[in-house]
4 protein chains.
Amino acid sequence: MYQIDLNCDLGESFGTYVKGNDAEMLDYVSSANIACGFHAGDPLIMKETVKMAAAKGVAIGAHPSTPDLVGFGRRTMDISPEEAYTAIIYQVGALQGFTQAVGVPLHHVKPHGALYNMAAKNKALAEAIALAIQHINPELILYGLAGSELIAAGKKAGIPTASEVFADRTYQSDGSLTSRRQKNALLTDANEAAGQVVRMIKENKVTTVQGDTITIQADTVCIHGDGAHAMAFAKCICHRLHMENIRIGS
Amino acid sequence: MYQIDLNCDLGESFGTYVKGNDAEMLDYVSSANIACGFHAGDPLIMKETVKMAAAKGVAIGAHPSTPDLVGFGRRTMDISPEEAYTAIIYQVGALQGFTQAVGVPLHHVKPHGALYNMAAKNKALAEAIALAIQHINPELILYGLAGSELIAAGKKAGIPTASEVFADRTYQSDGSLTSRRQKNALLTDANEAAGQVVRMIKENKVTTVQGDTITIQADTVCIHGDGAHAMAFAKCICHRLHMENIRIGS
Amino acid sequence: MYQIDLNCDLGESFGTYVKGNDAEMLDYVSSANIACGFHAGDPLIMKETVKMAAAKGVAIGAHPSTPDLVGFGRRTMDISPEEAYTAIIYQVGALQGFTQAVGVPLHHVKPHGALYNMAAKNKALAEAIALAIQHINPELILYGLAGSELIAAGKKAGIPTASEVFADRTYQSDGSLTSRRQKNALLTDANEAAGQVVRMIKENKVTTVQGDTITIQADTVCIHGDGAHAMAFAKCICHRLHMENIRIGS
Amino acid sequence: MYQIDLNCDLGESFGTYVKGNDAEMLDYVSSANIACGFHAGDPLIMKETVKMAAAKGVAIGAHPSTPDLVGFGRRTMDISPEEAYTAIIYQVGALQGFTQAVGVPLHHVKPHGALYNMAAKNKALAEAIALAIQHINPELILYGLAGSELIAAGKKAGIPTASEVFADRTYQSDGSLTSRRQKNALLTDANEAAGQVVRMIKENKVTTVQGDTITIQADTVCIHGDGAHAMAFAKCICHRLHMENIRIGS
């Protein structure tokens, strides 16, 4: 029988601004990537999100970013490996403060947005991030794009890694995600997304926008928690995994 | 023989801005309160400061603040106990990330500026801060103004406390510090400051600006690391403590 | 025939976070108070909001705040008159940049949240704000709480003022608004709110939560643009003003 | 007789952090580029700097940046032309608020750091910046790297431009500045820098690090106001210009 981790970015509200359906989404996923204040989230929201995830038995991860609140951490920024290393320590430490306070373990780290994408291709940045995690706690699992420099850096640093695939994003033949600036970046049909997920889990294959079939390692699947159809999407994918006898668990 | 902890606020640079003589000051103090990014400090500076303090065997504490970078955390701000609780967890967690990475223990927590002063008088705020520390790690020592609500809250929460006195600040007869807006807030003569310190340690007494003598508990003495005469001040006080057979240690 | 200005706080989105129904609300109001980045808003949103308001012929005002994004500018903060003066110049100047770029005049300035409330009672702060407006452009209209120190400061500085009343807030017998921390701070019934507005315009009277009837000057009425029932509220009040032969205009 | 504008980046302090020797430097330059809060500066400092520059008859310009306080605006960041357009309007507007309040004209706009460098090569970004200035006030002079896309964009937008050269930076054969990450990015000898300046003014020539001699238009010369030797550098260059009969004026 197959098993897969289903993860979602959560805690992305800020101050009086609300984003996502966190409480509902926690009923579907096995691990939560919680924003740490650099692209979204604030101390109050981090506390609430950690408490909710803990109450529902969802594994808790840090979701650190470049410092870019107004850009939601999506803008590529030329930070040095040293800046990445310290940004990771700071944000993972901050979130760990809340897991300690609530009395649950911190489970993983998944860089957000531009930091995630830069670390997929930039070896020095990837190694700085992996080293930061290794230094703060070598048992934390590094979530990174399947086949990326970030996964390679995690293995090199001797920390556990989880190769991540995306339910609703399309792939390029080099294994990278299609940029959000492209029109075909997103799968908008939930059944199609569910089909892509099942195939990645069972066959380790995905068809790219160029029409090629490439091999892909799927340890964890990212689903999105905001947007109009997020909940319908989540339900459809969970239902399909259930039908296919794939167990969801971190 | 007497012993006293000598503490100093450090790591208060930010980005390309430099403040204080951290490297030098670490030769004189037994504990360092390191800024956590809300009033000063950034991840790079936090890492460097933790490393320097660790290398010199100085006990490391978090120095959390209200979110007020441009005001250096000195402006009173009407934050709720819940906001204070989460701000403490966030910042103490972030600094603890760096102590974990460097492999040294986190030793204490001392709120900064306006947060320190508000917590000295506001019981609900003081208890929220003490609870945050108790939740993240009940062995951390809470540094607070001698005789304040913050020290009372720490005792109530069952965490260790250190009653703090100031070398270069003057006192009001109610035990509070003279506001920095008053002209007589600061002792500018190093010998006078050293004398005040010795008397507080040996006799638990201080003379207030009103001319009264009040009782004061002195577990730790704050000296300042920035300003034109900071180093001369530090040297003078250390020399006097030595002359008086008072050992410096955290 | 009566005439009244109907104003609304707009442009309070931030980055990817959306707040309010700005496009719709602009169909009902005669003046818009646009956030300037300190409590909400960012340059992109300011531009869009100014363009929308200009296209609908709504008078444009700046809505400056204390620097408190995470607290949405609602937390009382001990800023000096000098800090208030410069914060007003900065934010009014920034918004004026967008009105110049779009080619429409800047019409008024209404301080936001905690700054508005502090300036209602603190004379030094109120005078610093009025002076800032007088220095940047003495034709800008200062919107302030009816009967407040802010209105008095505007008159003293020789700039035009508009005494503001609130449709959905309740009043204390000293003329101040009931704090949002009180349960009875808000009128939740649209008809009751409309009735309060009409009476304030026609009779210059309002009944306080203590049961007194006080005199109140109503040059402009604030309605709120966010919240579940904002649009229904706006429609109800506009309809009632129409029924009562009160013209809406800035 | 030759004439040249000598400009300097000023107002780069922030909160309690001091940078540069602004008061002294204003005795040497003919135009000041004043930070607008995104990479440095805050409202209080902007006001003080505008007042000082006005008192000394120095022409005042805005020095807008990407939003990157901790990185001092030096980190390349993938902002869109629309984001650049609105960031310019916001910051130029904010500074113009202070020039209005003081009663002096705003004279020019010079993008800072990474924004300056990106706009030198990225045509879409350069045109967005030029358009923003044209929209806010088409009489403002755009300062940009000599020979850059930014100068071309200014000419295309029909606004006045000033081609900028640097006293203490070295040049590549394509006319770009040597990156600060290179060891030979800076001229540390004041006489050498002065010589480079004089030759750029009188002959429109500069020798690159590759050893080539290239043609360069010099309307304004940037000298730096911070760093240990800033004042000695400024004095040396001014003295040399005087000796060479080159008048300093904006």
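Quick note: the coordinates plus some simple rules give every number you see, no bench work behind them. Being a predicted model, the structure only gives us computed values, none of them experimental. Quick reminder, even Gly has a Cβ in these numbers, built from the backbone with ideal geometry, and neighbours come from all protein chains shown.
As a test, work out the antiparallel percent of DSSP beta bridges whose residues both lie in the protein assembly as shown, rounded to the nearest 5.
Given both bridge residues lie in the protein assembly as shown, the antiparallel proportion sits at roughly 20 percent.
Quick check on the exposure proxy: order B:PHE72, D:PHE98 from fewest to most C-beta atoms within 10 angstrom.
Exposure proxy ranking, most exposed first: B:PHE72, D:PHE98.
Sticking to Cα atoms, compute the Rg of the range C:1-115 to one decimal and its Dmax as the biggest Cα-Cα distance, whole number, in Å.
Using the Cα atoms of the range C:1-115, the pair Rg, Dmax is 13.6, 44 Å.
Give me the dipole magnitude in Debye, nearest 20, for the protein assembly as shown about the Cα centre, with unit charges on the beta carbon: positive for Lys and Arg, negative for Asp and Glu.
Computed about the Cα centre, the dipole is about 0 debye.
In nm, to one decimal, how far is the C:GLN217 label point from the C:SER173 one, both placed 7 Å along Cα→Cβ?
For C:GLN217 paired with C:SER173, the spin-label model returns 2.4 nm.
Given H placed 1.01 Å from N in the peptide plane, which residues other than close sequence neighbours of D:TYR171 have an amide H under 5 Å from its amide H?
D:THR178, D:VAL209
Would you kindly derive the ³J(HN,Hα) couplings of the range D:164-179 from the backbone phi angles with the Karplus curve 6.51 cos²θ - 1.76 cosθ + 1.60 (θ = phi - 60°), listing them in order in whole Hz, with x for Gly and Pro?
In residue order, the calculated couplings are 9, 10, 10, 6, 10, 10, 8, 10, 8, 5, 8, x, 7, 6, 5, 4 Hz.
Applying a 10 Å radius around every beta-carbon, put B:55-64, D:13-22 in order of their mean neighbour count, most first.
B:55-64, D:13-22
As a check on your grasp of the helix formula, calculate [θ] at 222 nm for chain D: sum -39500 (n - 2.57) over DSSP H runs of n ≥ 4, divide by the residue count, round to the nearest 500.
-12500 deg cm²/dmol
Less than 29 Å apart at the alpha-carbon level, and either on another chain or at least 8 residues along: which lysines does that give for D:LYS156?
Reachable lysines: C:LYS47, C:LYS51, D:LYS110, D:LYS121, D:LYS123, D:LYS202, D:LYS205.
What is the range B:80-201 by shape, rounded, prolate or oblate, if you read a ≥ b ≥ c off the alpha carbon gyration tensor as root eigenvalues and call it rounded for a/c under 1.5, prolate for a/b larger than b/c, and oblate otherwise?
Prolate, because a/c is 1.5 or more and a/b exceeds b/c.
Per-residue mean of other chain beta-carbon atoms within 10 angstrom of the beta-carbon, peptide C:73-84?
What the average comes to for C:73-84 is 4.
Going 7 Å from Cα along the Cα-Cβ axis for the label, what nanometre distances separate A:ALA228 from the same residue across the other copies?
2.2, 6.2, 6.5
Rank these for me by crowding, B:SER31, B:SER163, going from fewest to most other beta carbons within 10 Å.
Ordered by Cβ neighbours within 10 Å, fewest first: B:SER163, B:SER31.
Quick one: in chain D, what % of C-alpha pairs are over 35 Å apart?
6 percent
Tell me the distances, shortest first, between C:SER176 and the same position across the other copies, using label points 7 Å along Cα→Cβ, in nm to one decimal.
1.9, 5.8, 5.9
Tell me which residues come under 5 Å, amide H to amide H, from C:ILE216 once H is placed; ignore anything under 5 positions away on its chain.
It is C:LYS205, C:VAL206, by chain and number.
What's the average, rounded to a whole number, of partner chain beta-carbon atoms within 10 Å of each residue's beta-carbon in B:46-52?
The mean count of partner-chain Cβ atoms within 10 Å per residue comes to 2.
Apply the Karplus curve 6.51 cos²θ - 1.76 cosθ + 1.60, θ = phi - 60°, to the phi angles in the range D:216-221 and return the couplings in whole Hz, x for Gly and Pro.
8, 8, 10, 9, 8, 10
Where does each of D:165-172, B:110-117 land if you order them by average Cβ count within 10 Å, highest first?
Final packing ranking: B:110-117, D:165-172.
For the range A:169-250, divide the Cα radius of gyration by the Kirkwood radius and give the resulting Rg/Rh value with two decimals.
Dividing the radius of gyration by the Kirkwood radius yields 0.95.
Which chain A residue comes nearest the axis with its C-beta when you rotate A onto D, and by how many angstrom?
Reported as residue, whole Å: A:MET77, 2.
In whole Å, what are the extents of the range D:55-139 along the principal axes defined by its C-alpha atoms, from largest to smallest?
37, 28, 18
What do you get when you divide the Cα radius of gyration of the protein assembly as shown by 2.2 N^0.38 Å, with N the number of residues?
0.98
Specify which residue in the list C:ALA101, C:VAL206, C:ALA54 is farthest towards the positive end of the charge dipole of chain C, using unit charges on the beta carbon of Lys, Arg (+1) and Asp, Glu (-1), about the Cα centre.
Toward the positive end, the furthest listed residue is C:VAL206.
Partner chain Cβ atoms within 10 Å, averaged over the residues of A:153-164 - can you pull that number for me?
Mean inter-chain Cβ contacts per residue within 10 Å come to 0.
Once the label point is placed 7 Å from Cα along Cβ, list for C:ASN191 the distances to the corresponding points in the other copies, in nm, shortest first.
Between copies, matching label points for C:ASN191 lie 5.0, 8.3, 9.2 nm apart.
Just from the alpha-carbon atoms, what are the Rg and Dmax of the range B:1-41 in angstroms?
12.0, 44
For the range C:3-12, just list the computed ³J(HN,Hα) in residue order, Karplus coefficients 6.51, -1.76 and 1.60, θ = phi - 60°, integers in Hz, with x standing in for Gly and Pro.
9, 9, 8, 10, 10, 9, 6, 10, x, 9
Neighbouring Cβ atoms within 10 Å as the yardstick, rank B:MET118, B:MET46, C:MET243 fewest first.
By the 10 Å Cβ count, ascending: C:MET243, B:MET118, B:MET46.
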